[in-house]
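Visitor: Below you'll find the structure I mean.
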Amino acid sequence: MKMNFFVLFLAISVFASALALVTKREETRNFSKQLEKLESERRAVKQDWAKLILRQSNLASHSRVEQVARDALGMKLPEAKTVVSTK
């Protein structure tokens, strides 16, 4: 009787261990897929960030600011006689 109980206990333990192993492998696969997806998203966001930085530098360039000031705001350089220089 004791031997049968022990064998049954061992069989249940082996089955539980095998089931836990399968479960953990599936979790590992899911985490690997999630990691790949997140790394792909990170690369895309990093590329977008680089594009935005480049666009910002283009929009903030002196020639661009001057062009917008002339076209959109109607600004122009003052005449030489109205410019006062202090040193």
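The values are calculated or read from the model by the stated rules, or taken from the named source; none is laboratory data. A quick note: this is a predicted structure, and the numbers were derived from the prediction, not measured. As a convention, Cβ positions derive from the backbone with ideal geometry for all residues, glycine included, and neighbour counts pool all protein chains shown.
Visitor: With the structure loaded, tell me whether S85 is part of a helix (DSSP H, G or I) and out of contact with any Pro (no Cβ under 7 Å at 6 or more places or on another chain) or whether it fails that test.
Guide: Details: part of a helix (DSSP H, G or I): no; out of contact with any Pro (no Cβ under 7 Å at 6 or more places or on another chain): yes.
No: the conditions fail for S85.
Visitor: Take L8 and decide whether it is in a helix (DSSP H, G or I) and either among the acidic types (D, E) or modelled with pLDDT of 95 or more (or both).
Guide: no
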